[in-house]
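Notes for the one structure printed next.
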Amino acid sequence: MTEKMTDNNPHAPGTPAIQARGSDPAFFSCWDLHAYYGESYIVQGVSFDVREGEIIALLGRNGAGKTSTLRAIARASEPEIHHGEVWLDHKPLHNMKAYEAAHHGVALVPEDRRIIAGLTVQENLELAQIEGPIGWSIERIYESFPRLGERSEQEGTTLSGGEQQMLAVARALARDIKLLLLDEPYEGLAPVIVQEIERILESIKGLGITTVIVEQNAIAALHLADRALILDMGQIVFDGTAQEVLDNEELRQQYLAI
């Protein structure tokens with residue numbers, strides 16, 4: 001097996017990670033990230049670097065720490081973050097609250113999407129613009145998400161699952177984001193909707209937005225991603241290209257059960 005074991009402490013404490021894979025500087029970095037739910041030690045020293053515009057598939061079995069890693073990056077109140085550094089575009093996020101990280105360009109799209117009940121599609125988008133620096137205009141969003149344009153006056157929570165996922169991603173783009181964190185964006189969606197969301201994510205990549213995607217549909221995520229990180233028991237056990245995982249059946253069976 002060609003598994004690449006990773007060094008979880010590649011950077012000196014107190015300094016930003018400045019070098020990603022290859023010769024390009026890192027745009028987003030985690031260094032020695034540790035997080036807990038109560039006494040449960042969930043994220044155990046995660047470190048990785050990402051170039052601007054890369055799509056990273058963060059994979060692993062249930063309970064490996066994937067969602068907790070995303071939430072720790074976004075500075076969510078849970079899990080509790082006890083140690084580690086997070087840098088985005090050479091700015092430290094690790095001492096920020098979640099709303100401060102959001103204002104610095106971090107957008108987390110959670111698994112439950114959190115569409116605001118009682119508001120139309122357009123009102124959900126307008127509220128996102130009010131909360132942060134203006135990113136994409138409503139018109140531009142509707143050009144990229146024509147389904148949302150057709151349903152602009154419909155209450156957001158009455159949309160189909162796929163349309164709600166589009167709205168959740170579009171709401172993130174309504175702000176001036178640099179890092180998009182997606183938690184299970186394909187769950188429960190028909191293949192045709194998955195393909196449409198993949199098209200949108202590819203277009204986002206072309207704009208230089210960096211994306212980290214957690215997805216149980218690992219094959220779909222790997223076909224979209226540039227790189228793959230595999231978590232096992234809260235630690236990164238593989239960091240390589242997405243194609244390497246697709247080509248390595250032993251690795252997939254051991255860590256992803258596929």
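Where in segment 149-245 are there GluC sites (Glu not before Pro) that are in a DSSP coil and have at most 15 other Cβ atoms within 10 angstrom of their Cβ? Let's see the in-between values first.
On the way: sites: Glu150, Glu153, Glu155, Glu163, Glu187, Glu196, Glu198, Glu202, Glu215, Glu244; in loops: Glu153, Glu187, Glu215.
Answer in residue order: Glu153, Glu187.
List, in order, the whole-Hz ³J(HN,Hα) value for each residue of segment 235-242 obtained from phi through the Karplus relation with A = 6.51, B = -1.76, C = 1.60 and θ = phi - 60°; use x for Gly and Pro.
Karplus values, whole Hz, x for Gly and Pro: 10, 6, 10, 8, 9, x, 6, 4.
Net charge near Ala107, counting Lys/Arg +1 and Asp/Glu -1 over other residues with Cβ under 9 Å of its Cβ?
Details: positive: Arg171, Arg175, Lys178; negative: none.
Combined, the nearby Lys, Arg, Asp and Glu give +3.
Just flag the trypsin sites (Lys or Arg not before Pro) in segment 93-172 sitting in loop per DSSP whose Cβ has no more than 16 other Cβ atoms within 10 Å. Kindly include the intermediate steps, with their values, before the conclusion.
On the way: sites: Lys97, Arg113, Arg114, Arg140, Arg147, Arg151, Arg171; in loops: Lys97, Arg113, Arg114, Arg151.
Answer by residue number: Lys97, Arg114.
Starting from the alpha-carbon convex hull of the chain, give the projected area averaged over all orientations, in nm². Provide the component values of the computation, followed by the final result.
Values: hull surface 52.6 nm².
Result: 13.1 nm².
Taking the mean number of other Cβ atoms within 10 Å as a proxy for protection, how do you rank 26-38, 75-87, 57-69 from highest to lowest?
57-69, 26-38, 75-87
Per-residue HN-Hα couplings for segment 183-198, Karplus 6.51 cos²θ - 1.76 cosθ + 1.60 at θ = phi - 60°, whole Hz, x for Gly and Pro?
With coefficients 6.51, -1.76 and 1.60, one gets 10, 6, x, 9, 4, x, 9, 5, x, 5, 6, 4, 4, 5, 5, 4 Hz.
Using θ = phi - 60° and the Karplus curve 6.51 cos²θ - 1.76 cosθ + 1.60, what whole-Hz ³J(HN,Hα) does each residue of segment 152-161 get, with Gly and Pro shown as x?
Using θ = phi - 60°, the values come out as 4, 9, 8, 4, x, 6, 8, 5, 5, x Hz.
Helix-only estimate, please: 222 nm mean residue ellipticity of the chain, summing -39500 (n - 2.57) across DSSP H runs of length 4 or more and dividing by its residues, to the nearest 500. All intermediate terms of the calculation are to be shown ahead of the outcome.
Working: 10 runs with 86 residues, N = 258.
So the helix-based figure for the chain works out to -9000 deg cm²/dmol.
Net charge near Gly149, counting Lys/Arg +1 and Asp/Glu -1 over other residues with Cβ under 15 Å of its Cβ? Present the calculation step by step, with values, prior to reporting the outcome.
Values: positive: Arg140, Arg147, Arg151, Arg171; negative: Glu123, Glu126, Glu139, Glu143, Glu150, Glu153, Glu163, Glu196.
Here the charged neighbours net out to -4.
For Thr120, enumerate residues with amide H under 5 Å from its amide H, sequence gap 5+ or separate chain, H modeled in the peptide plane.
Gly156
Rule-based calculations on the coordinates, nothing more; no lab input. Only a predicted model underlies this, so the values are computations on that prediction, with no experimental measurement involved. FYI the Cβ positions are ideal-geometry reconstructions off the backbone, even for glycines, and counts take in every protein chain you see.
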